[in-house]
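Enquirer: Below are the structure tokens for one structure; questions will follow.
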Amino acid sequence: MSEFSGKSDGFKDERYIIIPTESFADYAGHPLVRILYPTDVGFFPKARAHYREREEGADQYILIYCVDGKGIIEVDGKTYSIKKAEAFCIPRGKRHKYYADNQDPWSILWVHFKGENTKYFPLDECRTVQINSKYSENRMAVFFNLIFRVLERNYTMGNFIYLSQVLSLLLAEVYYREKVDESSVQDKHVTMVIRFMYKNLTKQLTLEEISREVDLSKSYLNSIFKEQTGRSPVDFFLHLKMQEACKLLQSTDMYIYEVSTKMGYTDPYYFSRIFKKVVGVSPKEYKKGDYLYFDP
């Protein structure tokens, strides 16, 4: 195989392991090893001037995960860009080259691998996959770290079986795990909190109580609510309560003090002051007038 390389090693704090063929040969036939196994793994941080070219391709699949910076991958004459939190697999046997961006050189984790189960992953599609959540980025780092840690120990059958399972998880993280970005996680948390609020409209909830119930920090709750609703959680809850009070005043024969009690206020005068502050008119004026339901 013809192979050309630029600066491919010598990066500060790099990690680079090649599995000796003789160490692996005795285990290659085991059904839990031959399905998927790494042959090389590495980490090149801030890899300025990093360049690799293989005219005849490689005998393994090559997964590159960009931790930071940017780079270019070319496969059979087609060019693909890759940046932070993105992964790309170079198909086995395909002519390719890859190199770091001159201005913002990449930091990459990479692994060469083979195995019978490679056919069950879309490794030949030549597409860039975005790892679009901090949780997924953390898992990618953990999986690579596990591979390094095991390979830095003894080459035993048990360790090779373990490596096969970790590599399967790594590929599943890239190609099959549901992609959830941070904004959708925040949406989920806001929705969860609002549902809790609706179930407790007749109570007086504090930020502490809301935070404890949904197991999220007070600072995080304040941040995501202000970002997505423009209000703090407590203010948002207060507006929901007043919206419900408006519905009761307009669609029932309940007296104001009854609505006050229903919404968790023991003092109807205090309820009236809060109602007017939020809605803009007093409960008495609202009940008398032809108002639409208050929109929080």
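Enquirer: Taking a label point 7 Å from the Cα of ALA49 along the Cα→Cβ vector, which residues of region 83-101 have an amide N closer than 18 Å to it?
Expert: 98-101
Enquirer: Among ASP76, ASP40, ASP101, which one shows the highest mean-square fluctuation when the chain is modelled as a Gaussian network with alpha-carbon springs under 10 Å?
Expert: Maximum fluctuation in the GNM of the chain, among the listed residues, is at ASP76.
Enquirer: How many nm is it between the label spots at TYR120 and VAL142, if each spot is 7 Å from the Cα in line with the beta carbon?
Expert: Modelled inter-label distance: 2.1 nm.
Enquirer: Rounded, prolate or oblate, given the Cα gyration tensor of region 73-137, with a/c below 1.5 counting as rounded?
Expert: Oblate.
Enquirer: Here's something else I'd like to know. Could you calculate the FRET efficiency of SER219 with ASP267 from 1/(1 + (r/R0)^6), where r is the beta carbon distance between them and R0 is 41 Å, rounded to 0.05?
Expert: 0.85
Enquirer: Using a 1.4 Å probe, what is the accessible area per residue for the chain, in Å²?
Expert: On the way: 15900 Å² over 296 residues.
On a per-residue basis, 54 Å².
Enquirer: Oh, and also: Just subtract the alpha-carbon distance of GLN243 and ARG231 from 0.36 nm times their residue separation and send over the number in nm, one decimal.
Expert: Roughly 2.8 nm would be gained on extension.
Enquirer: Still on this model: Hey, with R₀ at 41 Å, roughly what FRET efficiency would LEU169 and LEU207 work out to, going by the Cβ-Cβ distance, to 0.05?
Expert: 0.60
Enquirer: Magnitude of the Cβ-charge dipole of the chain, K/R +1 and D/E -1, about the Cα centre, nearest 20 debye? Could the numbers behind the result be given before it?
Expert: On the way: 42 positive and 40 negative charges, 180 e Å.
So the dipole magnitude of the chain works out to roughly 860 debye.
Enquirer: Something else about it: So, in nm, how far is label LYS199 from label ASP40 when the simple model puts each one 7 Å beyond its Cα toward the Cβ?
Expert: Result for the modelled spin labels: 5.4 nm.
Enquirer: Once ligands and nucleic acids are excluded and a 1.4 Å probe is used, how much of SER217 is accessible, expressed in Å² to the nearest 10?
Expert: Spelled out: SER217, probe radius 1.4 Å, area about 60 Å².
Enquirer: With every protein chain kept in the model, how would you rank CYS126, CYS89 by accessible area, 1.4 Å probe, largest at the top?
Expert: So the residues, ranked largest to smallest area, are CYS126, CYS89.
Enquirer: Once neighbouring chains are kept in place and the probe is 1.4 Å, which whole percent of the accessible area of the chain is contributed by carbon and sulfur? It would help to have the intermediate numbers written out before the result.
Expert: Details: 7710 of 15900 Å².
C and S atoms contribute 48 percent here.
Enquirer: Which residue fluctuates the most in the chain, going by a Gaussian network model with Cα springs under 10 Å, if the choices are LYS84, LYS241, LYS284?
Expert: In this elastic network of the chain, the residue with the biggest mean-square fluctuation among LYS84, LYS241, LYS284 is LYS284.
Enquirer: Still on this model: For a Förster distance of 41 Å, can you work out the FRET efficiency between the beta-carbons of LYS78 and PHE24, rounded to the nearest 0.05?
Expert: So the FRET efficiency works out to roughly 0.80.
Enquirer: Tell me the angle of helix 218-229 to the major Cα principal axis of the chain, expressed in degrees between 0 and 90 and rounded to the nearest ten.
Expert: Rounded to the nearest ten degrees, it is 80.
The values are calculated or read from the model by the stated rules, or taken from the named source; none is laboratory data. It should be emphasised that the depicted structure is a prediction, and the values quoted were computed from it without experimental measurement. Methodologically, a virtual Cβ is constructed for each residue, glycine included, from the backbone with ideal geometry; neighbour enumeration extends over all protein chains shown. All accessible areas refer to the heavy atoms of the entire protein, side chains included, with ligands and DNA or RNA removed. Shrake-Rupley method; radii C 1.70, N 1.55, O 1.52, S 1.80 Å.
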